[in-house]
Amino acid sequence: MLLSACADDPHVIDCLDRAEALMGDCPDSAYTLLTDCDSLIPQQSKSARMRHLMLITEAENKLYQPLPSDTLFSAVIDYYDHHGTHNQQLKAHYLLGCIYRDMKEAPQAIECYYDAVEKADTLREDCDYTTLFSVYGQMADIFDAQIMPDEELEALKEYSKYALKAGNLYEHIRGYEYMVMPYNLQRDTDMVLSIEEKVYKMYKKHGFFQAAASSH
């Protein structure tokens, strides 16, 4: 295993490291880096190949590009379930859910999202809360499309909770704002009005004035 790791091209590892660092803010730049080293990937260790496939799938997902097949990506799931950290397993199962989402296979997508949640270790300081709240956001979208307001509300509560843990105040507030629609479906006018007022005040408090204006 050590020999295999040493055989990796330093240029490829640097490319993967830089792409991962850019992924959050500049997924287009990350995608360019990853595609630029495509031709070198088959000669790398399995660790590097699986990392490349997961990163390029993550970039494609962020850029709304076609994702790989579930059959191809299953190799990533198998690898990280045996060799990955909790955060890597969380992200891998999240991305497989996104693949099924794009395939219009809602039950499989939801199953993968639940698997992703189970992989997260929220007791660790380095838990990837950004991916975790994204999982719940995708679940909420599916429940919304299937007109399942109870399940959608539960997902949105988790979305908002983990967005706050990720330090993303804007998405934390949006999680509450998204709850208006399922409460409307439940004909709970009091909750709708309460949430709209709460969201308006929270947006203003944290300086999101344009969002506040559009929410009121």
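The values are calculated or read from the model by the stated rules, or taken from the named source; none is laboratory data. It should be emphasised that the depicted structure is a prediction, and the values quoted were computed from it without experimental measurement. In this analysis, Cβ positions are derived from the backbone assuming ideal geometry, glycine residues included, and neighbour counts consider all displayed protein chains. Heavy atoms of the whole protein, side chains included, go into the accessibility calculation; ligands, DNA and RNA do not. Shrake-Rupley method; radii C 1.70, N 1.55, O 1.52, S 1.80 Å.
Only lysines eight or more places from Lys161 in sequence, or on another chain, were considered; those with a Cα closer than 16 Å are Lys198.
Cross-link reach is defined here as a Cα-Cα straight distance under 21 Å, omitting same-chain residues fewer than 8 places apart; for Lys46 the lysines meeting it are Lys91. Does anyone have the angle between helix 27-36 and the longest principal axis of the chain? Alpha-carbon axes, 0 to 90°, nearest 10? Long axis of 27-36 versus the principal axis of the chain: about 20 degrees.
Of the GluC sites (Glu not before Pro) in the range 65-167, the ones in a loop by DSSP (not H, G, I, E or B) with at most 15 other beta carbons within 10 Å are Glu105, Glu125. Its Cα centre serving as origin, the range 1-137 has a Cβ charge dipole (Lys and Arg +1, Asp and Glu -1) of approximately 160 debye.
The residues neighbouring Cys112, those whose beta-carbon lies less than 10 Å from its own, together hold a net charge of -3 under the Lys/Arg +1, Asp/Glu -1 convention.
Considering only Cα atoms, the convex hull volume of the range 156-209 works out to 61 Å³ per residue. Axis of helix 129-145 versus longest Cα principal axis of the chain: the two differ by about 60°, to the nearest ten degrees. Can you tell which of Cys112, Cys15, Cys98 shows the greatest fluctuation in a Gaussian network model of the chain with Cα springs below 10 Å? Looking only at Cys112, Cys15, Cys98, the largest GNM fluctuation is found for Cys15.
For the range 89-216, build the convex hull from the C-alpha positions and give me its volume per residue in Å³.
Enclosed volume per residue, from the Cα hull, is 104 Å³.
Within the accessible area of the chain, the carbon and sulfur atoms contribute 52%, probe 1.4 Å, all protein chains present.
Counting heavy atoms of the protein chains only and a 1.4 Å probe, report the per residue accessible area for the range 91-216 as a whole number of Å².
With the other protein chains kept in place, the range 91-216 gives 55 Å² per residue.
Over all alpha-carbon pairs in the chain, figure out the percentage whose distance exceeds 30 Å. Of all Cα-Cα distances in the chain, 30 percent exceed 30 Å. For the chain, the longest principal axis of the alpha carbon atoms and the long axis of helix 189-205 meet at an angle near 60°.
The protection proxy used here, the mean number of other Cβ atoms lying within 10 Å of each residue, ranks peptides 181-190, 45-54 as follows, highest first: 45-54, 181-190. Across all C-alpha atoms in the range 20-128, the radius of gyration and Dmax reach 13.6, 39 Å. Of the residues His11, His82, His172, ranked by 1.4 Å probe accessible area with the largest first, the sequence reads His82, His11, His172. Of the residues Tyr113, Tyr79, Tyr159, the one that moves most in a GNM of the chain with alpha-carbon contacts below 10 Å is Tyr79.
Applying the criteria of a DSSP loop state and at most 11 other Cβ atoms within 10 Å to the trypsin sites (Lys or Arg not before Pro) of the range 96-143 yields Lys104, Arg124. Each Lys and Arg Cβ is given +1 and each Asp and Glu Cβ -1; about its Cα centre, the range 102-174 then shows a dipole of about 280 debye.
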